[in-house]
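Reviewing the structure listed below.
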Amino acid sequence: MRLVDGLDALHTLDLGSIYGDDSPNSHSVVAVGVFDGVHLGHQRLLHQLLEMASSLQGMPTVVTFANHPDQLLRGNAPSPLCSVPHRLRLLRRAGVLRLVLLQFEERLQNMTARAFTEEVLLGSLRARGLLLGYDSALGKGREGTPARFSALGDELGFEVQTGAPFELDGEPISSTRIRDAIANGDLAAARRCLGRFPGALGEVVHGDARGRTLGFPTANVALQGGALPPNGVYAVEAVVDGETFAAVANLGSRPTFAQGEPSLEVHLLDFSGDLYGRELEVTFRHLLRDERRFDGPEALKAQIALDVAAARARLKA
């Protein structure tokens, strides 16, 4: 996936020179949005994007934002479901081949729908098509509705389509709905809306190596932000360099050793090797038990052995 990072980089993008004017890759079919969590509603829109890109012979392209637009527009924004690097990974996994990551700033806030079309869609991305959510409203004064872009598409020669709302159990899937489910520890409900179990992505960093001394080496994941379930011990799956491992994870403050700082420690089952400096993606599958304080290292070691056995059983099931 090719990443274009920032509005200035986008303005200097020359797709014709990179791919050649006759190549479909020198044109784009574009979807614009935050895509927080890349949930089932987003996934259906992205599937529509891939079909549209195939029909119009352009590269499937997403324009998204490093910060939530509401932070500038309203002075506050909802906490994200996942970090920006995790979101980019999920978008790539969904089939997006070109991704434009913008900081939502005053230049974008004050850009009219026509200016966005002429400068970004046609000027930089050479768009043959634009796909919008049913409730989209882009640009200055939120004038960039699907109807407004459809009129611009008719005038300037690109196709505009609108995605339909996605409902589950009679209610629209939303980031708020998923965020509440994760916060309440309802992993099953979150999974139904996301199309996957909720998770986190982060770099493995050096810790105090206490897990290794207990016989259960752990990867200490530096969390990058995003919604997390309540503290506890979980059966998880861990993905590193494209390979998936069964694992058990402790999410919390490690009260036995009075650490206090929130952390995610993951013991990969049937894995040996050095994970330091590598990215680890963790998906929370089942809560095994609440986090609690033990009388000492031996008691904790015995419980970890039970947790590992429980994780194996739950993940096999």
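The values are calculated or read from the model by the stated rules, or taken from the named source; none is laboratory data. Computed from a predicted structure; not experimentally measured. We place every Cβ from the backbone using ideal geometry, glycine too, and count neighbours over all the protein chains shown.
Within region 116-138, the presence of at least one residue that is within 22 Å of His11 (Cα to Cα) and among the polar types (S, T, N, Q) is confirmed.
When we screen Asp186, Asp154, Asp180 for residues that are exposed (fewer than 14 other Cβ atoms within 10 Å of the Cβ) and of a type in the set (Asp, Glu), the only hit is Asp154. All conditions in (1) loosely packed, with under 15 Cβ neighbours inside 10 Å; (2) among the polar types (S, T, N, Q); (3) more than 30 Å from Ala183 (Cβ to Cβ) hold for Ser124, with the sole exception of (1).
Residue pairs whose Cβ atoms lie under 6 Å apart, separated by 6 or more positions or on different chains, with the first residue in region 245-257 and in the same structural domain as Ala222 (by TED's automatic domain parsing) and the second modelled with pLDDT of 95 or more and among the hydroxyl-bearing types (Ser, Thr, Tyr), are Ala249/Tyr234. When residues in region 186-206 are screened for being farther than 17 Å from Gly225 by Cα and either modelled with pLDDT of 95 or more or touching an Asp or Glu at 6+ places or on another chain (Cβ under 7 Å) (or both), 11 of them pass.
Within region 202-217, one or more residues are buried (at least 22 other Cβ atoms within 10 Å of the Cβ), assigned to a strand (DSSP E or B) and outside the structural domain of Asp70 (by TED's automatic domain parsing).
The rows are residues; the columns are (1) within 25 Å of Ser23 (Cα to Cα); (2) surrounded by fewer than 14 Cβ atoms within 10 Å (Cβ to Cβ); (3) small (Gly, Ala, Ser).
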site: Leu99; (1), (2), (3): yes, no, no
site: Val120; (1), (2), (3): yes, no, no
site: Leu132; (1), (2), (3): yes, no, no
site: Leu138; (1), (2), (3): no, no, no
site: Thr145; (1), (2), (3): no, no, no
site: Ser150; (1), (2), (3): no, no, yes
site: Glu159; (1), (2), (3): yes, no, no
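For Ala77, the stated conditions do not hold, so it cannot be described as touching a Pro at 6+ places or on another chain (Cβ under 8 Å) and either in a strand (DSSP E or B) or closer than 20 Å to Thr162 by Cα (or both).
Once region 75-86 is narrowed to residues that are more than 15 Å from the chain's Cα centre (by Cα) and closer than 17 Å to Arg179 by Cα, the residue that is surrounded by the most Cβ atoms within 10 Å (Cβ to Cβ) is Ala77. Taking helices (runs of 4 or more DSSP H) that do not extend beyond region 10-74, which have at least 1 residues that are among the charged types (D, E, K, R), at pLDDT 95 or above and exposed (fewer than 15 other Cβ atoms within 10 Å of the Cβ)? So the answer is 40-56.
If the requirement is being in contact with a Gly (Cβ under 7 Å, 6 or more places away or on another chain) and in contact (Cβ under 8 Å) with a residue 24 or more places away in the chain, which of these qualifies: Gly129, Gly95? The unique qualifying residue is Gly129.
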